[in-house]
1. Roughly what would the spin-label model give for K94 and F124, points 7 Å off Cα along C-beta, in nm?
2. Exactly which chymotrypsin sites (Phe, Trp or Tyr not before Pro) in region 226-266 are in a DSSP loop and have at most 16 other Cβ atoms within 10 Å?
3. Taking 41 Å as R0, compute the FRET efficiency from the Cβ-Cβ separation of V167 and F67 and round it to 0.05.
4. Determine, from the Cβ-Cβ distance of F258 and N54 and an R0 of 25 Å, the FRET efficiency 1/(1 + (r/R0)^6), rounded to the nearest 0.05.
5. Connecting C-alpha atoms closer than 10 Å in a GNM of the chain, tell me which of A115, A166, A183 has the biggest fluctuation.
6. Over region 134-267, one equal point on each Cα, no solvent: what is log10 I(q)/I(0) by the Debye formula at q = 0.10, 0.18 Å⁻¹?
7. Would you please state the base-10 log of I(q)/I(0) at q = 0.10 1/Å for the chain, with intensities from the Debye formula using one equal scatterer on every alpha carbon?
8. Go through region 112-194 and name the trypsin sites (Lys or Arg not before Pro) that are in a DSSP coil and have 15 or fewer other Cβ atoms within 10 Å of their Cβ.
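Here, each number is a calculation from the coordinates, and none is a lab measurement. Note that the coordinates shown come from a computational prediction; the quantities given were computed from them, not determined experimentally. Please note: Cβ atoms are built from the backbone with ideal geometry, for glycine as well, and neighbour counts cover all protein chains shown.
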Amino acid sequence: MSIGDILFVVQGGQANALKQALYEDYSFGIVSLRYGVILSGSFVIYRRLIGVKNLWMDLLAVLSLLFVSMMSSRLTLIAAIFGGLYLFIYWKGKVKFKFLPVSVAIMVGFLLLSAMNWSRNANFYESKGLGFFSAGVSEILAYTGTPVQGALYAVSNPSVGDQSTAVFYSRTTIEPSLTTNSAILDVIRLYGIWGLLLSAVVLFASGLYISFFESYKYGKYIYMNIPIFYSIVEFWRIFLFFQGIIITLIFSCVFLTFSLMLRFGRK
């Protein structure tokens with residue numbers, strides 16, 4: 001797909017075609033490394049928050065993050081934001097939030113995510129009579145309310161894994177276009193009610209993992225926590241712990257650690 005084709009589908013509100021093209025004949029490899037922009041994006045956000053700036057390097061990292069987010073998934077952008085905030089809060093220790101900066105940040109985040117959503121599904125929302133802003137609000141309502149609905153249904157129907165997709169969407173009244181409908185639903189579908197125990201074990205192990213890197217050598221390798229921290233943040237919506245995006249991020253963190261050791265020596 002050429003740059004002209006990419007611009008055409010984005011302007012036409014059909015950016016989902018980019019993701020579909022990406023996953024044609026998809027296999028793990030160099031393409032999976034696109035998730036590495038989550039780490040660079042997290043570092044840029046953290047550095048900017050503490051006042052450390054490098055215009056061209058920061059601009060390249062942000063543009064790469066936005067491009068991958070548009071091409072692949074908004075998860076990429078959201079993960080980078082949470083990663084940057086996690087690093088900032090960890091090193092800052094105590095954070096005071098001011099109303100105006102927080103309000104501006106929320107508005108900018110809303111506009112960015114709404115723009116990405118609109119570039120993907122403009123034709124769909126226009127067919128429903130929704131504009132740019134109302135589509136953004138609709139997306140927020142869908143992605144916050146639906147996981148609660150999915151979790152409640154799964155807990156009260158442990159045999160949900162035996163149901164066909166059509167039956168599930170019919171009984172829950174969840175829109176068929178929505179696929180991230182609760183991590184609780186995901187694990188109960190796969191393992192029945194025992195999935196709740198699996199979730200508890202994974203969350204407990206994740207807490208130990210994060211605690212280790214927060215205390216090990218005074219947080220020298222704190223960036224190792226970004227993938228797991230984000231998995232916990234998204235747990236209400238999707239069970240990310242064993243998915244490709246998280247595995248790729250963990251390997252990227254390990255690679256970064258060995259690279260730093262080779263560059264600066266073991267200390």
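1. In this crude label model, K94 to F124 measures out at 4.6 nm.
2. Loop-located and lightly packed - W236, F242.
3. Once rounded, the FRET efficiency stands at 0.60.
4. 0.55
5. A166
6. -0.44, -1.00
7. For the chain, the Cα-only Debye profile gives -0.60.
8. Of the trypsin sites (Lys or Arg not before Pro), the ones in loops of region 112-194 whose Cβ has at most 15 other Cβ atoms within 10 Å are K128.
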